[in-house]
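Chemist: Dumping the structure here so I can ask a few things about it.
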Amino acid sequence: MKLKQMTKALMAVGVVHAMVSIAPAFAQDTAPKIQKIEITGSSIKRTNIETSASVQVLTREDIERSGATTALGVLTDSVAVGTSLNAASSSSGSFATGASAVGMRGLGKVATLVLVNGRRIAPYGLSDGAQDNFTDLNAIAADSIDRVEILKDGASAIYGSDAIAGVINIILRKNFQGAQIKAGYTGTENLSDRRTRNVSAIYGYGDVAKNGFNTYLTIEGNKRDGYTTEEMRNLYPDWHRLTPGRSTWDARSSFSPTGNYFLSSTNIVAAPGCPAGDIDPVDKQCKMDILQYGGQTTNSERYALASNTRFKIGSEIDANFEVTYSKSFDSYILAPFNVSNGSATSSSSIWYNVYGGKMVGPFSYPKLPVGHPNNPYTTPVEYRARMMDTGDGFNFNKTNSDQYRVMLALDGTLGNYDWKSAFGHMESTADKVTRAVSAKGYTDAIINKTYVFGKKNDRALLESMFPIRTTNGKSAITFMDATLTGELMQLPAGPLSFAVGADVRHEAYEMKSSDNVLNGELVGIFGLQVKDSRNQYSIFSEATIPVVKNFEVSAALRADKQGDFDAHVSPKLGLRYTVTDALLVRATASGGFRAPNIVESGNGLGRSSVSNGNNDLRRCPIATTLNNLIQSNPAATTADKALGNSYRNGDCSASLPSFVSSNPDLKPETSRSYTMGLVFAPSKQWSFGIDYYNIERKDEIGTRSVVDILKGEATLPAGQLLRVDNSATDNEFLALVKKYAPTNSVTFQNIGKLGMVYNPYVNTGKTRASGFDFDARTTIKLDNIGTLRLNLDGNYELKYQTFSVADNTWNKNVVGTYDRGGQLGAKVTAALKTGNWDNAVIVNYASGYSSNSLSSPTYCVTQKVAPENMATCERIDASTFVNYSLSYTGIKNTKLNFFVGNVFAAENPTDWRGGWAPSFRTFYVNGTYKF
């Protein structure tokens, strides 16, 4: 179906009018405009063609040295770029499963504009968090990338919406002749199932100069295997068990095939028929090991193709016809369903009926009724067991996605002016399919005794209890852009160059959860329904003005009109002063914006969702105190410790359901940013650059943060934050505590558990960030040895602050805390090329930081960490990882690459708050053969 759609799009692409787009970031002219961020050549030394803003170039050589096999890996090899979403490790419960995205300056993926060949691609079909539209990097064939340009400055005056923190331009190959195949394999030390295989092929023919055309097609496949916690069991360090809430991380589960009767928190009895080997020798409960079902990463298959045909139309017009297409399959490793989905029957949950516009619940799972074949008691009983007939693929979670773009770009001359123009269409679709518990179907099956424990039940019955739910999304963009550029007049210091142009886009987006979700039929499941479209129009201009010799001013102005929103004007001013042949000084000031997307402002019924990992400021300190009475008692059994951790985590890492509606009255997010820096290049072999940046974003679109809501709970309007009665579960917790601390007097003081928050989209937040980017380069010729290249790239953060609505003031600077991480990040590369051998050593450094955060300003004290572990808990140390790359070209038409990640098998620093995170030594080998 998708190939048919792509074929129709290909047939629809035609030659458009003779104007040109300012949007491409191709550096083919000599005028130093910001949009020409694609610097020709492979050298990262760029003094003589520096613009007023800092641009980093990752060449094909850099990419191969990185050992990266995905576009995400390629981009995050830069210190300036961070991972915002990783398909390999994202939660199966997230909205945008199967996708990967990046961000800059800590402002998120929606504030960083990602381009492919200078133009946008369609946003991923599923919006992350049911809000964020973003570019999915998995849609880009890594082996088709020629180089990457990273503009470390806002550029909404050039590109429009989203270019607040920076712009990343992924430039694909433009010409290729001949044929090439490449195959690679990535393996991991001590974890054989953590592996990736990739293969690619490219074929091209034709010479533009001789034949009038060149065309190529590249196809790429990538397969990654998922792995489980069981496979990593022996790798976990002893200290992990000492951290808050993890003392029983590997404990066997009481939700076993035979199961247990939960009579009270101090009286749990194994069900009859439990195999002797499954009986815990200490607490006599019937248990099973579930680590084999704990998926750490997804199974993934990705396929992508890219094609570019470059040809002449007459003698004056150059044309490029581009096609890109990708398809991805992701699946998670899931366990069979638990009885009551692992919840206590005394606890309750609430969610939202979107179609009905009302809250559902509180809902509690049913106990086994009196007379049930598995209930030997005279009262209803909570039965904790695992429904093994829902395993073996019945319980699943899969996401399939595909994406394409077709585009025709033309450029030529009109008198003394150059023009460029492009027309294209792009689409992205994604479908997520999994199962959930039906409130009615499950309750009926238990109460009516139609579900038989310990046997394989009828498929139709299981389907009624655990129906399939889906989330389907699609985005589409049709665009045309055009620009005219040239020299307007000759000034004493040089020509005044200009660019004017226009950009027109039609955007459509839809995302819908299945009806059983929107009707509120599934326990605790949250959904979204939105479908809308809009037109976007923009005009823009730019000028480069040589004021005096060696001093240049660049100015840009762009007006964007999207849908029913008012037009927004984005300005930018740049200064570039060549002090000497060796010293360049530069500065910029710009205004940026992000327009409300269709999910935030369009036609729809809104979305319900859940926020996880929240620290309930009122209940968590109490739960921690109670849990410590259990954990610190030498007589406490593993099962009781696990139960205590479970109770405690329910308040210290709590889930909070919410309902959010779109808001057509939203304003755009806006920003102002400043940069100032210099480039010093005393010779052709040496260069050094440093740039200060300062960004402030305001009118941020979103819901109020949970941290802010909980902090200001006392001042919230009535009904915005709901707490639910949790006394039954609280009494179970207190009874368990009494077992080990009979004199305990601590209680929850009738404070209810977090229930639901009504949290509409508003313009509410503000963020500001500042710091320094720096780089240094040198090339040294070593006699009788080869060429040595030394590169340094780094970032030093000064400030990162968010605004507290509750306090009406800026929060504390979180640089150097758990919210943001270390202050300094740096990468040093030493590459030595000797004949057919090319060696490189890459050192990555990140400075340490505190374990405290805005939500937990005294984390270790609050969690009552033991005195002997306090110093370790309070700080996460700096990290240093060393990689090694080797390539050999001594065999005709063949190139061999070998990469070792984390050469010295360095562990991640001890993180008492987050627990142990693996850091593996990896090996990647690939071979390329050219025909």
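Chemist: Please work out if K449 is over 30 Å from Q529 (Cβ atoms), surrounded by fewer than 21 Cβ atoms within 10 Å (Cβ to Cβ) and touching a His at 6+ places or on another chain (Cβ under 7 Å).
Modeler: Taking the combined requirement at face value, the residue satisfies it.
Chemist: Here's another thing I want to ask about it. Among the residues of region 224-242, what is the count of those that are closer than 30 Å to K864 by Cα and in contact with a helix residue (DSSP H, G or I) (Cβ under 8 Å, 6 or more places away or on another chain)?
Modeler: Our first condition is that a residue be closer than 30 Å to K864 by Cα; within region 224-242, this holds for 229-230, 232-242.
From the residues that got through so far, the ones that are in contact with a helix residue (DSSP H, G or I) (Cβ under 8 Å, 6 or more places away or on another chain) too are 229-230, 233, 239, 242.
Summing the residues that are closer than 30 Å to K864 by Cα and in contact with a helix residue (DSSP H, G or I) (Cβ under 8 Å, 6 or more places away or on another chain) in region 224-242 gives 5.
Chemist: Please give the strands (runs of 3 or more DSSP E) falling wholly within region 344-390 in which 3 or more residues are closer than 16 Å to S264 by Cα.
Modeler: 382-384
Chemist: Does region 115-122 contain any residue that is closer than 28 Å to Y332 by Cβ, in contact with a strand residue (DSSP E or B) (Cβ under 9 Å, 6 or more places away or on another chain), crowded, with 24+ Cβ neighbours inside 10 Å and not basic (K, R)?
Modeler: Looking through region 115-122, at least one residue is closer than 28 Å to Y332 by Cβ, in contact with a strand residue (DSSP E or B) (Cβ under 9 Å, 6 or more places away or on another chain), crowded, with 24+ Cβ neighbours inside 10 Å and not basic (K, R).
Chemist: Which of the numbered conditions does V757 fail, given that it passes all the others? Conditions: (1) surrounded by 19 or more Cβ atoms within 10 Å (Cβ to Cβ); (2) β-branched (V, I, T); (3) touching a Lys or Arg at 6+ places or on another chain (Cβ under 6 Å).
Modeler: (3)
Chemist: Considering only residues that are touching a strand residue (DSSP E or B) at 6+ places or on another chain (Cβ under 7 Å) and part of a loop (DSSP other than H, G, I, E, B), look in region 312-338 and name the one that is nearest to I171 (Cα to Cα).
Modeler: It comes out as E316.
Chemist: Of all the residues that make up region 873-931, how many are of a type in the set (D, E) and in contact with a helix residue (DSSP H, G or I) (Cβ under 7 Å, 6 or more places away or on another chain)? Talk me through it step by step, then tell me what you get.
Modeler: Here is the first cut: in region 873-931, the residues of a type in the set (D, E) are 874, 877, 907, 911.
Applying the additional criterion that residues be in contact with a helix residue (DSSP H, G or I) (Cβ under 7 Å, 6 or more places away or on another chain) yields 874.
So the count comes out to 1.
Chemist: Is there a residue in region 267-278 that is surrounded by 20 or more Cβ atoms within 10 Å (Cβ to Cβ) and out of contact with any strand residue (DSSP E or B) (no Cβ under 8 Å at 6 or more places or on another chain)?
Modeler: No, there is no match, as no residue in region 267-278 is surrounded by 20 or more Cβ atoms within 10 Å (Cβ to Cβ) and out of contact with any strand residue (DSSP E or B) (no Cβ under 8 Å at 6 or more places or on another chain).
Chemist: So which residues in region 185-204 are part of a strand (DSSP E or B), in contact with a Phe, Trp or Tyr (Cβ under 6 Å, 6 or more places away or on another chain) and in contact (Cβ under 8 Å) with a residue 60 or more places away in the chain, if there are any at all?
Modeler: Passing the criteria: T186, G187, T188.
Chemist: Can I ask one more? Which residue is nearest to D207 (Cα to Cα), if the candidates are limited to region 287-311 and must be small (G, A, S) and in a strand (DSSP E or B)?
Modeler: Checked region 287-311; the qualifying residue nearest to D207 (Cα to Cα) is S307.
Chemist: Of the numbered conditions (1) crowded, with 21+ Cβ neighbours inside 10 Å; (2) free of Cβ contacts under 8 Å to residues at least 40 places away in the same chain, D838 fails exactly one; give the number of that condition.
Modeler: D838 satisfies every listed condition except (2).
Chemist: Condition check: crowded, with 16+ Cβ neighbours inside 10 Å, at pLDDT below 85 and not in a strand (DSSP E or B). Does R648 satisfy that?
Modeler: Values: crowded, with 16+ Cβ neighbours inside 10 Å: yes; at pLDDT below 85: no; not in a strand (DSSP E or B): yes.
In short, no.
Chemist: Of the residues D136, D77, D128, only one is at pLDDT 90 or above and of a type in the set (D, E); which?
Modeler: Going through D136, D77, D128 in turn, just one is at pLDDT 90 or above and of a type in the set (D, E): D136.
Chemist: Something else about it: Taking region 890-928, which residues are among the hydroxyl-bearing types (S, T, Y), surrounded by 15 or more Cβ atoms within 10 Å (Cβ to Cβ) and more than 25 Å from the chain's Cα centre (by Cα)?
Modeler: Within region 890-928, T928 is the sole residue that qualifies.
Chemist: Determine if region 816-839 includes at least one residue that is among the hydrophobic types (A, V, I, L, M, F, W, C), at pLDDT 95 or above and closer than 30 Å to G591 by Cα.
Modeler: Yes, that holds for at least one residue.
Chemist: In region 423-442, what residues are within 12 Å of E521 (Cα to Cα), touching a residue at least 60 places away in the same chain (Cβ under 8 Å) and more than 27 Å from the chain's Cα centre (by Cα)?
Modeler: Those that are within 12 Å of E521 (Cα to Cα), touching a residue at least 60 places away in the same chain (Cβ under 8 Å) and more than 27 Å from the chain's Cα centre (by Cα): V437, S438, A439, K440, Y442.
Chemist: Let me ask something else about it. Which ones in region 205-251 are in a helix (DSSP H, G or I) and touching a residue at least 24 places away in the same chain (Cβ under 8 Å)? Outline the logic, then answer.
Modeler: First, pick out the residues of region 205-251 that are in a helix (DSSP H, G or I): 208-211, 230-235, 238-242.
Residues satisfying the conditions are V208, E230, E231, M232, R233, L235, W239, H240, L242.
Chemist: Moving on to the next point. I'd like the full set of residues that are of a type in the set (D, E) and more than 24 Å from C286 (Cβ to Cβ), limited to region 634-679.
Modeler: Just the residues of region 634-679 that are of a type in the set (D, E), to begin with: 640, 651, 665, 669.
D651, D665, E669, listed by residue number.
Chemist: Shifting gears a bit: How many residues are surrounded by 21 or more Cβ atoms within 10 Å (Cβ to Cβ) and farther than 15 Å from K432 by Cα if we restrict to region 486-513?
Modeler: 6
Chemist: For region 241-266, enumerate the residues that are surrounded by fewer than 19 Cβ atoms within 10 Å (Cβ to Cβ), within 30 Å of the chain's Cα centre (by Cα) and farther than 12 Å from A642 by Cα.
Modeler: Residue satisfying the conditions is L242 alone.
Chemist: If you scan region 191-220, which residues turn out to be at positive phi and buried (at least 17 other Cβ atoms within 10 Å of the Cβ)?
Modeler: Hit for region 191-220 is G206, nothing else.
Chemist: Can you report the number of residues in region 558-574 which are touching a residue at least 60 places away in the same chain (Cβ under 8 Å) and aliphatic (A, V, I, L, M)?
Modeler: Count: 0.
Chemist: Return the total of residues in region 294-311 being of a type in the set (S, T, Y) and either over 24 Å from the mean Cα position of the chain (by Cα) or surrounded by fewer than 16 Cβ atoms within 10 Å (Cβ to Cβ) (or both).
Modeler: Residues flagged as of a type in the set (S, T, Y) and either over 24 Å from the mean Cα position of the chain (by Cα) or surrounded by fewer than 16 Cβ atoms within 10 Å (Cβ to Cβ) (or both) within region 294-311 amount to 2.
Chemist: Under 8 Å by Cβ, and 6 or more places apart or on different chains, what pairs join a residue from region 379-403 that is surrounded by fewer than 18 Cβ atoms within 10 Å (Cβ to Cβ) with one that is of a type in the set (S, T, N, Q)?
Modeler: Short answer, once both residue conditions are applied: F396/S331; F396/T434; K398/S331; K398/T434; N400/S328.
Chemist: Going through region 807-842 one residue at a time, which ones are assigned to a loop (DSSP other than H, G, I, E, B) and over 28 Å from the mean Cα position of the chain (by Cα)?
Modeler: Within region 807-842, D807, N808, G835, N836 meet the criteria.
The values are calculated or read from the model by the stated rules, or taken from the named source; none is laboratory data. The shown structure was predicted, so the numbers you read here are calculated from the model rather than taken from an experiment. Reconstructed Cβ throughout: ideal geometry from the backbone, glycine too, with neighbour counts over all protein chains shown.
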